[in-house]
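Before any comments, here is the structure.
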Amino acid sequence: MKRKLISGILVGAMTLSLFAATAMADENEVYMFINQPEYADAITELIDAYAEVAPDVTINYETTQNDYPTLLKAKLNSGEVPDIFASTSGKEIDVYREYSLDLSDQPLAETILPSVASAMASTEEGGGLYGIAIKGNYFGLVYNKGIFDELGLEVPQTVDELTAACEAISEAGYKPFTTGYAEWWVFKHIFQHYLAAAADGAGTTVAELVQQFEKGEARIADLPEIYNNFFDLIDLSLQYGDDKPLETDLSGELAAYGGGTAAMVLGQGAWIEADSLAIDPELQVGFSGYPVTDDPAQCQIISGSDQALHIAKDSEAQQAALDFVNWWYTSDYGMAWFTDVAGVVPPVASDAESEFEVIKQGSALEEEKGSAPLGVCYSTDSWWQKFGELMQDYIAGTADKDATCAAIEENWAAIDGAK
Amino acid sequence: MSKRKKKEMFDTLLYTLPAILLVTVMMYIPFVMSGYYSLTRWNGIAKEAVFIGLENFKTVLSSGGEFTGALVFTIRYTFFFVLFSNVIALFLAVCLTKKFKLANLMRGVFFIPYIMSMTIVGFIWKFIFTQGFARLSAMTGWGVWDLSWLGNPRLAFYAVTMVGVWQSLGFYIVLYIAGLQAVPKDVLEASTVDGANGRQTFFRITLPLLGPSITTCLFMSLTNGLKVFDIILALTKGGPGSSTYSVTLQIYKEAFQNNNYGLGSAESIVYFVIVLVLTQVVLKISSSREVAL
């Protein structure tokens, strides 16, 4: 009898535990579920600092890199919408707009940089500020200044200079390029520089050019900056690059660059500096735009933010979450946090000096020559991933240039154009 | 008697209740739900899914696109996976049932890859293919190490298949060893007395009596081959290009990366039917050829 009772209780307990409810919502408890775990320590520090300002507010910070979008979707669908959540900026702002709050009338709208804010607007609405960024970012050509100085070379600003530089570097026994062609996102970072030049050449803006691609109206063969210069760069990087290009990923690039064997790194930006310096603290990091045309003025870096933090629209803790991000973006501590604690490109207007070379040179170049628009954020990562695969096919030799261009035109319209 | 039967019935129900509930919540309800979503256009995020009837199935079946490519890859992979994992495992099992000093140790060595998670195996091999092979090339100068095993679409297929077979060998070896040990000694002795040589004994006596093991192993390797996912994700992520997309990876990509949850659900249902038919046919064929002693 006793045994039966125990087993009955156990079975009941096991069954019940399946349906155990999660914690109740509370207006002073902010649930922050974001990706980018590389900033976990810095964000924990930020939250600790905020605890002194607002002691009765608890911020539950959770982060993951692996498969963040899938986890977020699962949470959204189960009704457990995080008070602060992340996505990429630009086109994906509209995907999550149903869940996110327009921050245009918040104090933080005053301090956020226009280049960051423009990536947080809804394209469907033609406005709004649906997110903030943990960091601004710089995209461009990261190079080894030591190698260039040793050979007495200037960093190339035009297509011809690039070819000449490659020959000289190669002759001196260095590897001109390291490329991370095993990663799909490397291609979009390179491509956006050529897309900006192509939009210039066609007398339009990147946003409009992307729309033409989505409608299936744009032809790559009409855009020499892409059809010639972009593909020439890829060919050149294969000729003067890694032995196994499709096997080299970000860590392979870091090893070649940090190890001092490669002169130029393709498809990367501000984020690789710290890891490269960890390999060789003496490395002289240089940063420049891509030599996209014959005009040195078009050799621009790209700045902006490719990720966004959303504030949930219908949440109990909305006010607490808003107070937190406003404090983050407007208080002295919060604004200094970007450079002093996180060591990133500040997404706010601030005078703080960064100790990172890419950021210093990037902001100097931006002041001097301006920056090109952040082309990656006008399209979804679904498309960019396909783009990466198509370029990998080109590199593997399974598709030639014209077939690749045709596939790009077709898939861009099919993936991003349909809805 | 009938009272006792009732009690047994009640106990059975009671004790399986947690499991039934779990399976229902985790498997059957999601299955039915994806059946519904396959009839809708939904990105997995929006609050409302739009009902579009059989549109998704038309897209899946008509286009000679990504799904078909992934299906061809998966069938090729499964064929080689089933073939090699069974033949090699059977061969090794026969070797390992021979009496020699390190037999037990060797069994352990072959089994170790199986207890490691697929993802870890994938990363280990990724390291071997990239860094390890570069080192081996420097040491030996052989051209085979210089090939881009993960970067060349043709080679990537063989690399993935090889790692898949390598990882799961241990499991099939154990099944075959169990089967080999169950072959009656007296029959084997009788064949020796009748003058059969080693090869004849193996092909005429041992192999036919291994029927049930072969059926089990074929079935398991077939379903595991068709379900291949994590090893590809860790090794190539479907690349280079889209040359190593398996159907499961393709479904995942469609549903979660391309934000086409409806289309992904439709693909998974089509694939479910294909797998169901395929496994039933193979199971029927192989079990009908078993011999009883």
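The values are calculated or read from the model by the stated rules, or taken from the named source; none is laboratory data. These numbers were taken from a predicted model, which means no experiment stands behind them. Note that each Cβ is placed from the backbone with ideal geometry, even for glycine, and that neighbours are counted across all protein chains shown.
Assorted remarks:
- Of all residues in the range B:238-257, those satisfying the criterion of being farther than 30 Å from residue B:283 by Cα and either among the aromatic types (Phe, Trp, Tyr) or crowded, with 21+ Cβ neighbours inside 10 Å (or both) are B:239, B:240, B:241, B:242, B:253, B:254, B:255, B:256.
- Subset of the range B:233-248 [under 15 Å from residue A:246 (Cβ atoms) and β-branched (Val, Ile, Thr)]: B:236, B:244
- 2 or more residues over 17 Å from residue A:140 (Cα atoms) and more than 14 Å from chain B (Cβ to nearest Cβ): qualifying helices (runs of 4 or more DSSP H) within the range A:178-261: A:185-201, A:206-214, A:231-239
- In the range B:137-162, the residues that are away from chain A (no Cβ under 13 Å) and without any contact (Cβ under 8 Å) to a residue 24 or more places away in the chain never reach a residue that is of a type in the set (Phe, Trp, Tyr) and surrounded by 17 or more Cβ atoms within 10 Å (Cβ to Cβ) with C-beta atoms less than 7 angstrom apart, at least six apart or across chains.
- At least 3 residues being under 20 Å from residue A:38 (Cβ atoms) and modelled with pLDDT of 90 or more is the threshold, and among the strands (runs of 3 or more DSSP E) wholly inside the range A:276-375 those reaching it are A:307-311.
- Selection count, the range B:44-78, where residues are under 25 Å from residue B:241 (Cβ atoms) and either in a loop (DSSP other than H, G, I, E, B) or free of Cβ contacts under 8 Å to residues at least 40 places away in the same chain (or both): 7
- Checklist (1) modelled with pLDDT of 90 or more; (2) more than 18 Å from residue B:264 (Cα to Cα) applied to residue B:13, failing item: (1)
- Residue in the range B:270-284 that is crowded, with 20+ Cβ neighbours inside 10 Å, modelled with pLDDT of 85 or more and either within 30 Å of residue B:154 (Cα to Cα) or away from chain A (no Cβ under 14 Å) (or both) present: yes
- Residues in the range B:119-136 that are among the aliphatic types (A, V, I, L, M) and more than 25 Å from the chain's Cα centre (by Cα) were compared, and the one that is nearest to the other protein chains (Cβ to nearest Cβ) is B:134.
- Residues in the range A:100-131 that are touching a residue at least 60 places away in the same chain (Cβ under 8 Å), outside any loop (DSSP other than H, G, I, E, B) and farther than 28 Å from residue A:367 by Cβ: A:100 only.
- Residue count, the range B:241-265 (criterion: assigned to a loop (DSSP other than H, G, I, E, B) and either within 8 Å of chain A (Cβ to nearest Cβ) or touching a Leu at 6+ places or on another chain (Cβ under 6 Å) (or both)): 5
- Whether a residue is within 14 Å of chain B (Cβ to nearest Cβ) and assigned to a helix (DSSP H, G or I) was assessed, and residue A:388 passes this test.
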